[in-house]
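The structure appears below as structure tokens.
The values are calculated or read from the model by the stated rules, or taken from the named source; none is laboratory data. Treat the numbers as computed from the prediction; the structure is a model and nothing was measured. All Cβ positions, even for glycine, are placed from backbone atoms using ideal geometry, and neighbour counts span all protein chains on display.
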Amino acid sequence: MNQPPIQTRALATEILYRLCTESVSLDHLFESHLKAVTGNREKAFVSDLCFGVVRWHPRLDFYLQQLLDKPIRQKNLKLRLLCWVGLYQIAYQRTADHGAVSATVNACDALSLQWAKAMVNAILRHFIRRQETIQQAADDNEVARYAHPAWLIQAIKTDWSDDWQAILEGNNQAPPMSLRINRRRTTRDEYARLLQEKSIEYREISACPQGLILESAYETGELPGFNEGLVSVQDGAAQLAAALLQAAPGHRVLDACAAPGGKTCHILEREPRLHSLLAVDIKNARLHKLRENLERLGLEAVIKTADVTQPDTWWDGEPFDRILVDAPCSATGVIRRHPDIKMLRQPADIDAIRTVQMNILDSLWPLLASDGKLLYVTCSIMRRENDEIIGNFLDQGQNVELDLIDQCPGTRTQYGCQILPGQQDLDGFYFARMKKIR
Amino acid sequence: MALLSVLHYPDPRLRNVARPVESIDDSIRTIARDMLETMYDEGGIGLAAIQVNIRQRIIVIDLSADRDQPLYLINPEILHAEGAEKMQEGCLSVPEYFDYVERAERIGYRYQDLNGETHEREADGLLAVCIQHEIDHLDGKLFIDYLSNLKQQRLRKKLEKQERQYAQVL
């Protein structure tokens with residue numbers, strides 16, 4: 001038996017089509033679509049095509065508009081996506097241009113776009129010929145230049161009038177692979193020696209005492225001691241949460257939106273003498289990752305699948321000394337890791353997410369002990385999800401006062417601390433801490 | 001080790017039925033290893049002895065990306081089969097033709113390894129499909145037998161045309 005050769009361009013187009021029509025994340029789509037692909041090179045190629053096209057789609061679409069007399073109609077979405085795939089290869093990949101054209105044209109067969117072959121061929125050939133002029137025009141167009149949807153550029157400009165360009169450019173960089181050393185089992189210096197032995201290049205993350213950045217990406221299985229729990233993969237900004245929570249011996253800790261559990265594990269690694277840690281998340285499917293990580297790292301927590309905004313369904317009535325609210329958010333701080341956010345997020349989403357965020361704070365505040373502290377975290381850079389939420393909550397005045405974060409490794413805001421995407425090579429995160437007063 | 005030559009449809013020898021291997025000796029082991037080498041050379045994921053004109057019940061399979069996890073199945077038998085699944089198949093004996101065939105989704109199967117030891121295993125997904133495809137070969141069956149008459153006719157025409165073109169080149 002043998003299998004048909006994989007049409008990598010067609011497969012990438014199918015994945016992008018599902019991303020656009022079903023609003024499912026790329027990570028999720030890769031799990032189902034790349035399983036059947038046996039060759040590792042093909043897998044890597046398809047994933048690079050998808051990530052690249054998603055990251056640069058506003059710019060690729062600008063190219064396409066320059067090459068067409070009238071835009072491709074929405075009912076021919078697949079054709080537009082295939083054109084993006086072709087343009088991406090020519091503009092960003094090292095594939096020989098003629099190879100990219102013929103492979104993209106051939107993908108029409110597998111996508112039932114035979115009728116469009118001549119058109120795809122013409123578009124890509126025109127682009128090759130006029131590339132210099134078109135690239136220049138793209139640099140003069142804001143949406144194409146920064147490769148973000150117009151509404152998102154506007155929203156970021158409004159919130160960050162000085163830094164918006166740096167933020168948008170940071171979002172378009174490929175993210176580094178960052179590690180968190182398990183300090184219960186080793187030290188950063190000791191682990192660095194293990195990396196040296198394997199000739200894996202790294203640098204320290206200055207803001208994170210357990211953090212290292214690798215100079216190139218590896219499979220977790222290739223990392224020394226990964227299976228033995230010496231190390232986890234986690235961005236440096238996410239590593240700041242555990243210290244800011246200030247959990248101490250004897251504390252009851254609640255991790256309210258725990259899955260997949262990077263921060264949960266870090267809290268336990270930092271403080272072995274907690275009274276207890278309860279990890280809650282609404283999605284059971286995401287909690288299995290947390291169980292896996294706890295086991296690998298040799299840590300213990302109580303895990304519950306529940307809606308945190310309904311405490312009577314899961315809370316035993318004992319107040320918590322520390323609560324970590326890693327709130328659902330627009331994820332606009334981690335676009336460099338999840339470029340599909342550029343396509344999936346819609347302007348109206350922010351209002352819906354704000355309601356969830358306020359709801360979580362309102363529901364959990366009564367569960368906090370006197371003198372207890374709540375750390376609010378998002379991977380968003382939108383003030384409406386960050387300082388505005390905290391400001392509103394403080395104004396309501398239910399025994400609450402701000403507990404100002406004194407050492408902020410990013411940009412200080414009115415109530416908290418904002419790391420902007422790419423700042424110190426970290427993801428974009430927001431932190432604010434509040435204290436319950438008698 | 002040697003490369004064997006693979007028969008191409010519509011060669012009538014593909015319709016032969018293989019007989020069970022009676023004793024697994026060095027000659028059988030050599031055939032199996034040559035078959036594996038031939039399969040790797042042709043870029044296949046499975047090969048049955050009938051395809052290299054050897055009428056014995058021998059199959060080799062390797063589904064791994066790195067081509068380093070060979071399976072040698074001597075006297076393979078399907079014990080039970082459940083479910084149905086359509087997958088696109090191709091065959092080294094029907095070059096450059098691919099089509100969807102429906103087969104059982106999960107199977108239990110029994111075989112002997114190159115040391116003559118008997119194993120019973122379960123399989124699903126691609127492995128289940130591949131084992132069913134190869135055992136068919138040992139019984140003189142091809143995956144295109146499952147296609148509609150019209151599709152089979154078109155395929156024969158296409159192959160005849162290729163043959164004529166090939167003859168002209170010669």
* Asked: Can you name the helices (runs of 4 or more DSSP H) wholly within segment A:90-148 that have at least 1 residues being closer than 17 Å to A:Gln7 by Cα?
  -> A:97-110, A:117-139
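What do you reckon, is A:Lys342 in a strand (DSSP E or B) and outside the structural domain of A:Asp48 (by TED's automatic domain parsing)?
Details: in a strand (DSSP E or B): no; outside the structural domain of A:Asp48 (by TED's automatic domain parsing): yes.
For A:Lys342, the condition - in a strand (DSSP E or B) and outside the structural domain of A:Asp48 (by TED's automatic domain parsing) - is not met.
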* Check A:Leu179 against each of (1) more than 21 Å from A:Trp56 (Cα to Cα); (2) in a helix (DSSP H, G or I) and name the one condition it does not meet. => (2)
* Structure fact -> The residue that is farthest from the chain's Cα centre (by Cα), considering only those in segment A:399-438 that are over 17 Å from A:Gln239 (Cβ atoms) and of a type in the set (Ser, Thr, Tyr), is A:Tyr415
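With A:Ile419, A:Ile405, A:Ile437 as the choices, which residue is touching a residue at least 40 places away in the same chain (Cβ under 8 Å), of a type in the set (A, V, I, L, M, F, W, C) and farther than 22 Å from A:Phe320 by Cβ? Steps first, please.
Details: A:Ile405 fails: farther than 22 Å from A:Phe320 by Cβ; A:Ile437 fails: farther than 22 Å from A:Phe320 by Cβ.
The match here is A:Ile419.
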* List every residue pair whose Cβ atoms lie under 6 Å apart, where the two residues are 6 or more positions apart in sequence or sit on different chains, the first residue falls within segment A:182-195 and is in the same structural domain as A:Glu222 (by TED's automatic domain parsing), and the second residue, located anywhere, is assigned to a helix (DSSP H, G or I) and surrounded by 15 or more Cβ atoms within 10 Å (Cβ to Cβ). => A:Asn182/A:Glu269; A:Asn182/A:Leu297; A:Arg183/A:Glu269; A:Arg184/A:Glu269
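Can you say whether A:His148 is crowded, with 19+ Cβ neighbours inside 10 Å and more than 30 Å from A:Leu297 (Cα to Cα), as far as the supplied structure shows? Spell out how you get there, then give the answer.
Numbers: crowded, with 19+ Cβ neighbours inside 10 Å: yes; more than 30 Å from A:Leu297 (Cα to Cα): yes.
Yes, satisfied.
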* Considering every residue within segment B:33-44, establish whether at least one is within 10 Å of another protein chain (Cβ to nearest Cβ), part of a strand (DSSP E or B) and touching a Leu at 6+ places or on another chain (Cβ under 7 Å). => no
* To do: Kindly check whether there is at least one residue in segment B:150-166 that is within 14 Å of chain A (Cβ to nearest Cβ), under 21 Å from B:Glu85 (Cβ atoms) and in contact with a strand residue (DSSP E or B) (Cβ under 8 Å, 6 or more places away or on another chain).
  => no
* To do: For A:Gln74, work out the one condition from (1) out of contact with any Cys (no Cβ under 8 Å at 6 or more places or on another chain); (2) under 18 Å from A:Glu14 (Cα atoms); (3) modelled with pLDDT of 95 or more it doesn't fulfil.
  => (3)
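To keep it simple, each residue is scored yes or no on (1) among the acidic types (Asp, Glu); (2) crowded, with 21+ Cβ neighbours inside 10 Å.
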| site | (1), (2) |
| --- | --- |
| A:Leu223 | no, yes |
| A:Phe226 | no, no |
| A:Thr305 | no, no |
| A:Glu318 | yes, no |
* All but one of (1) within 19 Å of A:Tyr146 (Cα to Cα); (2) modelled with pLDDT under 85; (3) of a type outside the set (S, T, N, Q) hold for A:Trp56, so report the exception by its number. => (2)
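Looking at segment B:121-149, which of the residues that are surrounded by fewer than 13 Cβ atoms within 10 Å (Cβ to Cβ) and either within 13 Å of chain A (Cβ to nearest Cβ) or within 20 Å of the chain's Cα centre (by Cα) (or both) is farthest from B:Ala32 (Cα to Cα)? Before you say what the answer is, go through the steps one by one.
Quick first cut of segment B:121-149, residues surrounded by fewer than 13 Cβ atoms within 10 Å (Cβ to Cβ) only: B:122, B:145, B:148-149.
Checking the rest, the ones that are also either within 13 Å of chain A (Cβ to nearest Cβ) or within 20 Å of the chain's Cα centre (by Cα) (or both) come to B:122, B:145.
Values: B:Glu122: 22, B:Asp145: 26 Å.
Across segment B:121-149, the extreme among qualifying residues is B:Asp145.
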* Asked: Which condition breaks for A:Ala248 when tested against (1) at pLDDT below 95; (2) more than 18 Å from A:Asp326 (Cα to Cα); (3) not polar (S, T, N, Q)?
  -> (1)
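With in contact with a strand residue (DSSP E or B) (Cβ under 6 Å, 6 or more places away or on another chain) and either of a type in the set (Ser, Thr, Tyr) or surrounded by 17 or more Cβ atoms within 10 Å (Cβ to Cβ) (or both) as the only criterion, which of A:Ala331, A:Ala259, A:Ala238, A:Ala242 stands out?
Details: A:Ala331 fails: in contact with a strand residue (DSSP E or B) (Cβ under 6 Å, 6 or more places away or on another chain); A:Ala238 fails: in contact with a strand residue (DSSP E or B) (Cβ under 6 Å, 6 or more places away or on another chain); A:Ala242 fails: in contact with a strand residue (DSSP E or B) (Cβ under 6 Å, 6 or more places away or on another chain).
Residue meeting the stated conditions: A:Ala259.
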* How many of the residues in segment B:84-110 are touching a residue at least 40 places away in the same chain (Cβ under 8 Å) and either away from every other protein chain (no Cβ under 14 Å) or outside any strand (DSSP E or B) (or both)? -> 3
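Return the residue satisfying two criteria in turn: it lies in segment B:80-94 and is of a type in the set (A, V, I, L, M, F, W, C) and crowded, with 17+ Cβ neighbours inside 10 Å, and of such residues it is modelled with the lowest pLDDT.
Let us first name the residues in segment B:80-94 that are of a type in the set (A, V, I, L, M, F, W, C), namely B:81, B:84, B:87, B:91-92, B:94.
Going one step further and asking which of them are crowded, with 17+ Cβ neighbours inside 10 Å, we end up with B:87, B:91-92, B:94.
Numbers: B:Met87: 87, B:Cys91: 95, B:Leu92: 94, B:Val94: 92.
This residue is B:Met87.
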* Which members of segment B:111-126 meet the condition of being over 30 Å from B:Arg156 (Cβ atoms) and not in a strand (DSSP E or B)? -> B:Asp113, B:Leu114, B:Asn115, B:Gly116, B:Glu117, B:Gly125
* Which is modelled with pLDDT of 95 or more and assigned to a strand (DSSP E or B), of B:Ile59, B:Ile131? -> B:Ile59
* Asked: What number of residues in segment A:26-44 are at pLDDT 90 or above and either more than 16 Å from A:Ala174 (Cβ to Cβ) or not in a helix (DSSP H, G or I) (or both)?
  -> 1
* Asked: Any residue in segment A:13-25 that is surrounded by fewer than 16 Cβ atoms within 10 Å (Cβ to Cβ), closer than 22 Å to B:Leu127 by Cα and not hydroxyl-bearing (Ser, Thr, Tyr)?
  -> no
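Being within 14 Å of chain B (Cβ to nearest Cβ) and surrounded by fewer than 19 Cβ atoms within 10 Å (Cβ to Cβ), is that true of even one residue in segment A:53-75? Spell out the reasoning first.
So the first thing to find is which residues in segment A:53-75 are within 14 Å of chain B (Cβ to nearest Cβ), and the list is none.
Looking for residues that are within 14 Å of chain B (Cβ to nearest Cβ) and surrounded by fewer than 19 Cβ atoms within 10 Å (Cβ to Cβ), one finds none in segment A:53-75, hence no.
Kindly indicate the residue of segment B:95-110 that is of a type in the set (Lys, Arg) and surrounded by fewer than 17 Cβ atoms within 10 Å (Cβ to Cβ) and also farthest from A:Gln7 (Cα to Cα) among those meeting that condition.
Initially, segment B:95-110 is screened for residues of a type in the set (Lys, Arg), giving B:103, B:106, B:110.
Applying the additional criterion that residues be surrounded by fewer than 17 Cβ atoms within 10 Å (Cβ to Cβ) yields B:106, B:110.
Details: B:Arg106: 27, B:Arg110: 35 Å.
Per the stated criteria, the residue is B:Arg110.
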